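Data first, discussion second: the structure below is written as structure tokens.
The values are calculated or read from the model by the stated rules, or taken from the named source; none is laboratory data. Everything numeric in this text was worked out from a predicted model, so none of it was measured. Note that each Cβ is placed from the backbone with ideal geometry, even for glycine, and that neighbours are counted across all protein chains shown. For accessibility, only protein heavy atoms count, side chains too; no ligands or nucleic acids. Shrake-Rupley method; radii C 1.70, N 1.55, O 1.52, S 1.80 Å.
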Amino acid sequence: MSTLTLLASGEDKFTPPGLELFDSPPIIPGVVWFTKPVLLALLSTLIVVAFCWSAFAKPKLVPRGAQNIGEMGYMFVRDQVARPFLGKDADRWMGPLLSIFLLVWVWNLMGVLPLLQFPVASHIAFPIVLALGVYFLKLYLGIKHQGLIGYFKNMMFPPGLPKPIYLLLAPIELLSTMIIAPFTHAVRLFANMFAGHLILAFFSLVGFWFLFEKLTPLGAPIGVIGVVMTIAMTGFEMFIQFLQAFLFAMLAAMYIGNSLHPSH
């Protein structure tokens with residue numbers, strides 16, 4: 001639901017936006033699951049697939065256009081996300097990590113695109129599904145490379161510590177790795193996009209309301225402040241959207257690296 005939809009409700013007083021921003025009715029009557037977030041998630045997937053296809057399907061020796069942009073994105077993810085945590089295995093995992101980074105970034109950018117104006121990750125289900133995918137991949141790789149007993153032993157009993165410490169450390173490590181890590185992986189992305197969408201909706205509603213709906217000598221300065229803050233917060237939100245995509249991919253690389261190289 002956009003700010004303009006809220007203004008069309010016909011209320012005679014200013015009402016700050018709330019959870020109704022995230023209440024998306026079905027696009028097709030009777031198809032309950034097909035809502036705006038689902039549509040934008042599908043659109044984001046198509047955008048990422050089309051971009052990667054145009055950039056990497058037929059690479060040229062001298063990159064141009066989409067390939068040039070794609071290679072810059074590839075090198076950024078490789079140097080800043082993959083290599084610090086995966087080392088010699090970085091190139092092997094560049095496909096999933098680049099895909100995760102681009103998908104989450106496009107999800108987030110949906111919140112500032114005109115007419116769309118909804119970050120997909122502000123619905124908790126989408127970050128949860130992506131975080132669970134990384135979580136199960138981490139478990140699979142850890143058990144495959146270390147064995148079932150070895151994986152939990154390396155997780156709960158890192159070498160080189162006094163034995164009494166393990167009484168406290170082992171349950172903390174188990175809880176952190178099995179529950180807290182995947183939970184925070186999803187919630188960090190969700191909470192930032194949820195809060196950012198509310199803030200942008202609030203300032204844009206303030207600007208529109210006091211400049212166009214209830215224009216008064218006292219209200220006009222508030223409306224101007226609302227417009228200025230909307231512009232400023234949109235720029236800041238775009239930075240946060242990129243940062244959250246980077247952090248989500250970085251944590252995915254860290255979890256994969258820990259499963260492949262427990263000694264690190």
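So here's what we get for this one:
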| quantity | calculated |
| --- | --- |
| In Hz, Karplus ³J(HN,Hα) per residue of the stretch 254-260 (6.51, -1.76, 1.60; θ = phi - 60°; x = Gly, Pro) | 5, 5, 5, x, 5, 6, 7 |
| Separation in nanometres of the label points that stand 7 Å from Cα toward Cβ, at F76 and A220 | 4.2 |
| Rounded percent of accessible protein surface that carbon and sulfur make up, the chain, 1.4 Å probe | 75 |
| Volume of the Cα convex hull of the chain, divided per residue and given in Å³ | 181 |
| Calculated diffusion of the stretch 108-182, Stokes-Einstein form, Kirkwood radius summed over Cα pairs, 10 °C and 1.306 mPa s, µm²/s | 106 |
| Residue-normalised accessible area of the stretch 54-100, expressed per residue, 1.4 Å probe, Å² | 62 |
| Contact order normalised by residue count of the chain, Cα under 8 Å, 6+ apart, percent | 24 |
| Efficiency of FRET from Cβ geometry, I179 and D89, R₀ 22 Å, rounded to 0.05 | 0.25 |
| Under-25-angstrom lysine pairs by C-alpha in the chain, whenever the two are 8 or more apart or on separate chains | 7 |
| If the convex hull is drawn through the Cα atoms of the stretch 188-264, its volume per residue in Å³ | 74 |
| Å² per residue, accessible surface of the stretch 131-236 at 1.4 Å | 58 |
| Angle in degrees between helix 36-56 and the longest Cα principal axis of the chain, rounded to the nearest 10 | 60 |
| Sum of side-chain charges, H197 neighbourhood, beta-carbon under 15 Å (Lys, Arg +1; Asp, Glu -1) | -2 |
| Projected label distance in nm at K60 and F136, using a 7 Å step from Cα toward the beta-carbon | 4.1 |
